[in-house]
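In what follows, a single structure is set out as structure tokens and then discussed.
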Amino acid sequence: MSENERLINASVDEVFAVLTDGWSYAGWVVGASRVRDVEEGWPNPGFSIHHSVGTWPLLINDTTTVEEYVPNSLLRLRVRAWPTGEGQVEFEATEKDGRCHLVIREHAVKGPAALIPAAVVDPVLSARNTETLRRLALIAEGRHG
């Protein structure tokens, strides 16, 4: 399992405002190129974002579905990007001196990517998630302004 963390110069509320805005997903998730739809009940469990990954003209349409949501604390997602497979991504936030300490954990759970040894895939996920957290922080801190 890959785990990254970042101290964001915004409140937990402000960070979760970005995390739970399904339409902002392509702006901060590395690899997501566009959001096609956000189901009405998002970010409640069972509801999905319909997105595309890749670059045009090689786009793959897929979904990300909420598995667990605790407001301003935890968001656990099942991310799909077939043909590579499915992963579980968890965001856990805590308040630290008025700022948000955000941890992201990710691992492959199904499909070809789940067969790759963690020693190989975790460094790639870690690099991607470092950039994902950087982008998320820029948006949350910009809203904080």
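Applying the set (1) touching a residue at least 40 places away in the same chain (Cβ under 8 Å); (2) out of contact with any helix residue (DSSP H, G or I) (no Cβ under 8 Å at 6 or more places or on another chain); (3) open to solvent by less than 50 Å² (accessible area, probe 1.4 Å); (4) part of a helix (DSSP H, G or I) to His101 leaves exactly one unmet item: (4). The single residue among Glu40, Glu14 that is among the acidic types (Asp, Glu), surrounded by 15 or more Cβ atoms within 10 Å (Cβ to Cβ) and over 14 Å from the mean Cα position of the chain (by Cα) turns out to be Glu14.
For the range 44-80, filtered to residues that are closer than 16 Å to Gly31 by Cβ and among the charged types (D, E, K, R), the residue that is least open to solvent (accessible area, probe 1.4 Å) is Asp62.
Pairs linking a residue in the range 108-122 that is on the phi < 0 side of the Ramachandran plot to a residue that is at pLDDT 85 or above and of a type in the set (Asp, Glu), with Cβ atoms under 9 Å and 6 or more positions apart or on different chains, are Ala108/Glu86; Val109/Glu86; Lys110/Glu86; Ala113/Glu86; Ala114/Glu86; Asp122/Glu3; Asp122/Glu106.
Just one of the numbered conditions (1) of a type in the set (D, E, K, R); (2) in a helix (DSSP H, G or I); (3) farther than 21 Å from Arg36 by Cβ is not true of Arg135: (3).
The values are calculated or read from the model by the stated rules, or taken from the named source; none is laboratory data. The structure presented is a predicted model; accordingly, all values stated were derived computationally and were not measured. FYI the Cβ positions are ideal-geometry reconstructions off the backbone, even for glycines, and counts take in every protein chain you see. With ligands, DNA and RNA removed, areas are computed over all heavy atoms of the protein, side chains included. Shrake-Rupley method; radii C 1.70, N 1.55, O 1.52, S 1.80 Å.
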